[in-house]
Amino acid sequence: MAEEWQELRVSNDALDDPPELRARMDTEGYVFLKSLFNPDDMLSLRRAMTEKLQQHGWLQAGTDPMDGIAVIEAQCTEGDIGYTDVYHEVYKLQAFHESGHWPVIMDTMEKIIDAPVLSHPMKIARIWFPQYTDHTTPAHQDFVHFQGTFDTYTCWAPVGDCPEELGGLAVVSGTHKVGKVVDHHFSLGAGSLVVDEKVQEGPWRSTNYEIGDALLFHSLTVHKALPNVTAPSIPTPAGRP
Ligand SMILES: O=C(O)CCC(=O)C(=O)O
Ligand SMILES: [Fe+2]
């Protein structure tokens, strides 16, 4: 059953106005930008990642890895040995780590924070099996996982179109203003921690993401993934071009 959410505010109108971008991050705890990344760059990354997934048995042999057709029997999650083995194959890709240094994201973050940017060494790939919804990433603040300084921002970007049913990211606007780490407790799902209580009531904001879109948010902004409810045998859309 689909979850309720409202559309993210699109901030492309403020791309040439850094103080306005900064004001939106300060007020809402996120900045959502359509087509920030070059879709060709994202598609090359998608190919490199999905080829690894196919070589290691998570995507059906003989299909185009770009279609992302899962082997449903291979379902596994963070914490399982089998998950880590394949995750590490993706994590070894230089192109994956380089994506966190692409000039467009460095420049955009510099506009938002009005200071030099350091790309955090910890990149995360979120690779999730269809209809494995007990393990959908629960509501959390990223500071819990990254630590360091609250002045840390996440860029979440899909390597293909990511309509609602594929389980894109959702945020609760303004939740970073709490100014601290709120209590979390154990949960199934990526990261294994969920925020306690009220904040989970939302309202949640998300969108039908397209390749190239980027959601930037503060380390204290509460966010989660929507469940991936797609049928395993349906190709997932790679997106433009
Ligand atoms: O895409 C997802 O499943 C959620 C990613 C996320 O919030 C995280 O990795 O911290
Ligand atoms: Fe997160």
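The values are calculated or read from the model by the stated rules, or taken from the named source; none is laboratory data. This is a predicted model, so every value here is computed, not measured. No Cβ is skipped: glycine too gets one built from the backbone with ideal geometry, and neighbour counts run over all protein chains shown.
The figures follow:
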item: Positions within segment 140-178 being over 14 Å from Tyr30 (Cβ atoms), buried (at least 20 other Cβ atoms within 10 Å of the Cβ) and among the small types (Gly, Ala, Ser), in sequence order; result: Gly160, Gly167
item: Selection status of Thr230, more than 10 Å from ligand 1 (Cβ to nearest atom), modelled with pLDDT under 95, crowded, with 22+ Cβ neighbours inside 10 Å and more than 17 Å from the chain's Cα centre (by Cα); result: no
item: Among the candidates Gln94, Gln54, residue that is farther than 22 Å from Cys162 by Cβ and not charged (D, E, K, R); result: Gln94
item: Tally of residues being within 15 Å of ligand 2 (Cβ to nearest atom) and over 15 Å from Trp156 (Cβ atoms) across segment 191-212; result: 6
item: Those residues of segment 199-227 which are at pLDDT below 95, within 13 Å of ligand 1 (Cβ to nearest atom) and either farther than 23 Å from Glu7 by Cβ or surrounded by fewer than 19 Cβ atoms within 10 Å (Cβ to Cβ) (or both), in sequence order; result: none
item: Residue match in segment 83-99 (condition: touching a residue at least 60 places away in the same chain (Cβ under 8 Å) and charged (D, E, K, R)); result: no
item: Residues of segment 63-100 classified as charged (D, E, K, R), over 18 Å from the mean Cα position of the chain (by Cα) and either more than 22 Å from Trp156 (Cα to Cα) or surrounded by 14 or more Cβ atoms within 10 Å (Cβ to Cβ) (or both), total; result: 6
item: Strands (runs of 3 or more DSSP E) wholly inside segment 156-198 containing at least 3 residues that are farther than 22 Å from Cys76 by Cα, away from ligand 1 (no atom under 11 Å from the Cβ) and basic (Lys, Arg); result: none
item: Search result, residues across segment 98-152 that are acidic (Asp, Glu) and either modelled with pLDDT of 95 or more or under 22 Å from Val181 (Cα atoms) (or both); result: Glu98, Asp107, Glu110, Asp114, Asp142, Asp151
item: Filter result for Gly148 (more than 12 Å from ligand 1 (Cβ to nearest atom) and on the phi > 0 side of the Ramachandran plot); result: yes
item: Only listed residue being within 16 Å of ligand 2 (Cβ to nearest atom), hydrophobic (A, V, I, L, M, F, W, C) and within 29 Å of Arg47 (Cβ to Cβ), chosen from Leu188, Leu215; result: Leu215
item: Subset of segment 199-233 (residues that are without any contact (Cβ under 8 Å) to a residue 60 or more places away in the chain and part of a loop (DSSP other than H, G, I, E, B)); result: Asn208
item: Every residue from segment 7-62 that is among the β-branched types (Val, Ile, Thr) and buried (at least 16 other Cβ atoms within 10 Å of the Cβ); result: Val31, Thr50
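Here is a yes/no grid of residues against (1) closer than 30 Å to Ser187 by Cβ; (2) outside any helix (DSSP H, G or I); (3) of a type outside the set (Phe, Trp, Tyr):
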position	(1), (2), (3)
Asp40	no, no, yes
Lys52	yes, no, yes
Gly57	yes, yes, yes
Thr84	yes, no, yes
Ala95	no, no, yes
Met109	yes, no, yes
